[in-house]
Amino acid sequence: MLAPEVPMSHSVAGEPSSAGRRAAPLTTAVYSAAEWDLLTSLPGRVIVAAAAPAPGRPRRGVAAGLAGLDALAAGRAFDSDLVRAVVVAIYARDDGASDPVDRLADVVDLLAACRAATRVLLRRADPADSAAYRQWVQSVAARVCGAATTGPPGLPPAPADRRFLDRLGVALALR
């Protein structure tokens, strides 16, 4: 059975046109239900992976999760219909079917999901939307990694965090 297609358009982003403001052009990319689920679940999976304890990484607490959620919500202000639509879809979910904790086996699976999302975006999305989405996902991870509960704020990431962020950047085709 084929998955239903999810068309992308300005209206999906939840922003109606207002007086004095030019409506954004329609995004012509079309995503299958599986592709859309991948794109909308990936940011939450990144938050979980970036906040997870690992050897060489500082302990994280509530501040790291809040930093990730704040970075996720910042996507509402992006100049990308795709990123805004993903944020709207994430906040519109009312069930636990896409709980990132249940879906994340390990970093290897996350990186594979990032590579899959990158392939979908490169094949179907406007190049600007593709780049904005991939940079946004990377920024979510960077915010979580930067919110370590040990040490003063503003320190560079721990070497293990830097490796995680580098691997994520490669998987998202940003490096």
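Residue by residue, here is whether (1) at pLDDT 90 or above; (2) surrounded by 22 or more Cβ atoms within 10 Å (Cβ to Cβ); (3) closer than 26 Å to A77 by Cα holds:
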position: C114; (1), (2), (3): yes, yes, yes
position: P127; (1), (2), (3): yes, no, yes
position: Q135; (1), (2), (3): yes, no, yes
position: Q138; (1), (2), (3): yes, no, yes
position: R143; (1), (2), (3): yes, no, yes
position: A147; (1), (2), (3): no, yes, yes
position: P153; (1), (2), (3): no, no, yes
position: L165; (1), (2), (3): yes, no, yes
position: V170; (1), (2), (3): yes, no, yes
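Of the numbered conditions (1) open to solvent by 10 Å² or more (accessible area, probe 1.4 Å); (2) modelled with pLDDT of 90 or more; (3) touching a helix residue (DSSP H, G or I) at 6+ places or on another chain (Cβ under 8 Å), R57 fails exactly one; give the number of that condition.
Looking at each condition in turn, R57 falls short on (2).
Can we say G44 is closer than 20 Å to L165 by Cα, of a type outside the set (A, V, I, L, M, F, W, C) and at pLDDT below 90?
Criteria not met by G44.
Report every pair of residues separated by at least 6 positions or lying on different chains whose Cβ atoms are under 6 Å apart, first residue within segment 28-52 and farther than 16 Å from A89 by Cβ, second open to solvent by 40 Å² or more (accessible area, probe 1.4 Å) and among the β-branched types (V, I, T).
V48/V101; A49/V107
Take V108 and decide whether it is open to solvent by 80 Å² or more (accessible area, probe 1.4 Å), modelled with pLDDT under 85 and of a type in the set (V, I, T).
In short, no.
The values are calculated or read from the model by the stated rules, or taken from the named source; none is laboratory data. Note that this is a predicted model, so its numbers are computed, not measured. Here Cβ is always computed from backbone atoms with ideal geometry, including for glycine, and neighbour counts include all displayed protein chains. Side chains included, ligands, DNA and RNA excluded: accessible areas come from the protein's heavy atoms. Shrake-Rupley method; radii C 1.70, N 1.55, O 1.52, S 1.80 Å.
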